[in-house]
1. Show the residue pairs meeting these rules: Cβ distance below 9 Å; 6+ apart or different chains; first residue within segment 73-87 and in contact (Cβ under 8 Å) with a residue 40 or more places away in the chain; second residue part of a loop (DSSP other than H, G, I, E, B) and small (Gly, Ala, Ser).
2. For residues that are assigned to a loop (DSSP other than H, G, I, E, B) and touching a helix residue (DSSP H, G or I) at 6+ places or on another chain (Cβ under 7 Å), tally how many sit in segment 122-162.
3. Could you grab me the full set of residues in segment 105-132 that are loosely packed, with under 14 Cβ neighbours inside 10 Å and within 12 Å of the chain's Cα centre (by Cα)?
4. Check SER43, SER83 and return the single one that is within 19 Å of ALA151 (Cα to Cα) and surrounded by fewer than 17 Cβ atoms within 10 Å (Cβ to Cβ).
5. With respect to LEU141, determine if the residue is without any contact (Cβ under 8 Å) to a residue 12 or more places away in the chain and not polar (S, T, N, Q).
6. For segment 133-154: of the residues being surrounded by 13 or more Cβ atoms within 10 Å (Cβ to Cβ) and of a type in the set (A, V, I, L, M), which is modelled with the lowest pLDDT?
7. Out of LEU86, LEU69, LEU101, I need the residue that is in contact with a Ser or Thr (Cβ under 8 Å, 6 or more places away or on another chain), assigned to a helix (DSSP H, G or I) and within 18 Å of PHE158 (Cα to Cα). Which one?
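The values are calculated or read from the model by the stated rules, or taken from the named source; none is laboratory data. Computed from a predicted structure; not experimentally measured. Glycine gets a Cβ as well: all are built from the backbone with ideal geometry, and neighbour counts include every protein chain shown.
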Amino acid sequence: MTNVDRRIPKTQEALQTAVLQLMTEKSFEKITIQDLSDKANVSRGTFYLHYRDKYDLLDKLIDTHIEELRERCKGVANLDFPSAILTWTEYFNQHYSFFSLMLASKGATYFKNQFYNLLVEEFSDKFNTSEGKNKDFNTDLIISFLASAYAGVVEWWFTNERPVTHQALAEQLGGLLERI
């Protein structure tokens, strides 16, 4: 078994924290590698040992959160919508600064696309269009509608600085999804 140098995750965490802190101060496009290195207290060379560029850093940070949301879905696949959604809203609440930056920022297109794609993936097998109230509806249309609506409500929650608790958000989003 090989031992991983403990400095590696600490350095990556410092750089990830630095990019989020800097994004509260200025647009991502204006952040330089020197800014990131200074904020994380590492050299530029150390930065490049971990990431190709600032976009690689942000992409990996986003991928980490998207993957965590995907894993949380697997753990609640058999629950009703409000209970399942509560696991996500708890995670959103715990990582409020990250998600509020990604959803409220104009420059976070990659995150928004990844989040939307995750929602489409998760909703894809949840709705039956061969019978019941959704009979004869186009499945892709329903899934696209739901993913867009869900993403829009979550963005609203962050943009408006959590106007309801994450529990209320989960309950109401889940209730809406159960109606479809």
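1. Filtered contacts from segment 73-87: ALA84/ALA77.
2. Filtering segment 122-162 down to residues assigned to a loop (DSSP other than H, G, I, E, B) leaves 124-131, 135-138, 160-162.
Remaining after also requiring touching a helix residue (DSSP H, G or I) at 6+ places or on another chain (Cβ under 7 Å): 124, 127-129.
Count: 4.
3. Result: THR109, ASN113, ASN117.
4. Working: SER43 fails: within 19 Å of ALA151 (Cα to Cα).
After ruling out the rest, the residue left standing is SER83.
5. Working: without any contact (Cβ under 8 Å) to a residue 12 or more places away in the chain: yes; not polar (S, T, N, Q): yes.
Yes: the conditions hold for LEU141.
6. The residue in question is ILE142.
7. Working: LEU86 fails: in contact with a Ser or Thr (Cβ under 8 Å, 6 or more places away or on another chain); LEU69 fails: in contact with a Ser or Thr (Cβ under 8 Å, 6 or more places away or on another chain).
Exactly one of LEU86, LEU69, LEU101 is in contact with a Ser or Thr (Cβ under 8 Å, 6 or more places away or on another chain), assigned to a helix (DSSP H, G or I) and within 18 Å of PHE158 (Cα to Cα), namely LEU101.
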